[in-house]
Amino acid sequence: MKNHFRTYWAFALMIGFAVSSFAQDSAKTPLALGKIEPYVMEVTYDKTSHLIFPTAIRYVDLGSEYLMAGKAEDAENVLRVKASVKTFEPETNFSVITNDGRFYSFNVHYSSCPQVLSYDLMTMQKAVDKAGGNDVLFEELGNNSPSLAGLLLETIYKNDNRIVKHIGAKSFGIQFILKGIYIHNGKYYFHTELANRTNVPFQTDFINFKVVDKKIAKRTAVQERPMIPLRTYKPLGEIGGKTTEQNVFLLDQFTIADDKMLLIEIFEKNGGRHQTLQVENSDLIKARLINDMHLKF
């Protein structure tokens with residue numbers, strides 16, 4: 001009987017040790033595999049360093065009070081960084097998250113005369129992409145990867161297919177059309193095009209997506225439900241004379257009742273050549289499915 005007890009306790013100790021070792025290894029493995037190597041840069045007190053990111057900066061965290069940083073005025077993708085003291089040791093760090101979901105980590109050393117003061121991080125992003133990349137998930141995109149959403153916006157834009165052929169508006173020499181509606185993982189992608197047939201540039205002020213009652217769509221703004229784009233492929237800007245420009249807008253998935261419609265309105269800055277597209281629920285439910293495995297639409 002004693003031998004049985006000894007065997008039992010020995011076996012129990014072996015199992016306990018194995019479980020403990022596995023738990024310790026499991027706790028260590030994710031951090032080791034998920035390590036993000038920081039980039040190294042130098043800063044100084046008397047000069048400002050600038051970092052140009054591929055997309056708008058969303059978040060910045062400084063590792064210590066030895067650093068000062070802020071987005072450049074009127075430039076959402078440019079970060080200014082400099083030392084707040086004459087010298088500091090040891091190194092400090094800072095992190096940046098951009099609007100495309102990229103996470104950047106930097107280790108910072110003080111130098112009285114840095115060799116480089118300006119950095120174009122497009123090259124850095126390509127290196128990160130080649131190594132597998134790292135994505136930060138944003139609440140508004142749900143489980144959608146920001147980099148994949150950006151890739152889909154770019155692919156729709158570059159493919160430039162017209163799969164919707166009956167939705168458009170034309171007046172004052174301006175033609176505004178809806179070229180396609182796509183859907184992927186609970187999100188809509190609206191592909192639009194604006195052609196300026198005149199010699200007078202069209203300076204885009206803003207674009208609206210809103211759901212309204214059909215009976216009052218042309219008379220009042222009562223009971224409007226705005227739909228805010230989560231992403232836009234390219235900034236709204238000027239469409240020159242005799243020029244055609246397209247864009248792609250990412251919105252949350254939605255449907256509308258038969259007595260309502262979606263209005264897509266584009267407004268001219270300091271002008272009156274506004275254009276409006278009317279989209280029915282029957283158009284929304286016919287959205288082209290995107291197969292993200294092969295990026296085929």
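The values are calculated or read from the model by the stated rules, or taken from the named source; none is laboratory data. Given the structure is predicted, the values throughout are model-derived calculations rather than measurements. Neighbour counts run over all protein chains shown; Cβ positions are idealised from the backbone, glycine included.
Annotations
- Counted residues, segment 185-202 - those being modelled with pLDDT of 95 or more and in a strand (DSSP E or B): 10
- Considering (1) more than 19 Å from H166 (Cα to Cα); (2) crowded, with 16+ Cβ neighbours inside 10 Å; (3) at pLDDT below 95, the lone condition that K296 does not fulfil carries the number (2).
- Residues (assigned to a loop (DSSP other than H, G, I, E, B) and either closer than 14 Å to K47 by Cα or among the hydroxyl-bearing types (S, T, Y) (or both)) located in segment 107-122: S111, S112, C113, P114, Q115, V116, L117
- Segment 49-80, residues that are assigned to a loop (DSSP other than H, G, I, E, B), surrounded by 16 or more Cβ atoms within 10 Å (Cβ to Cβ) and at pLDDT 90 or above: Y66
- The residue list G173, G180 contains one member that is of a type in the set (G, A, S), over 16 Å from the mean Cα position of the chain (by Cα) and buried (at least 21 other Cβ atoms within 10 Å of the Cβ), which is G180.
- Considering residues of segment 226-237 that are part of a strand (DSSP E or B) and surrounded by 13 or more Cβ atoms within 10 Å (Cβ to Cβ) only, the residue nearest to the chain's Cα centre (by Cα): R231
- In segment 266-293, of all residues being surrounded by fewer than 16 Cβ atoms within 10 Å (Cβ to Cβ) and within 23 Å of the chain's Cα centre (by Cα), the one that is farthest from L236 (Cα to Cα) corresponds to M293.
- Every pair of residues 6+ apart whose Cβ atoms lie under 6 Å, when the first sits in segment 146-172 and is among the hydroxyl-bearing types (S, T, Y) while the second is modelled with pLDDT of 90 or more: Y157/Y233; Y157/V248
- Residue match in segment 26-42 (condition: acidic (D, E) and modelled with pLDDT under 85): yes
- In this entry, T243 passes the filter for residues that are assigned by TED's automatic domain parsing to the domain that holds N159, in contact with a strand residue (DSSP E or B) (Cβ under 8 Å, 6 or more places away or on another chain) and β-branched (V, I, T).
- Number of the condition not met by T92 [criteria: (1) more than 29 Å from G142 (Cβ to Cβ); (2) more than 18 Å from the chain's Cα centre (by Cα); (3) exposed (fewer than 15 other Cβ atoms within 10 Å of the Cβ)]: (3)
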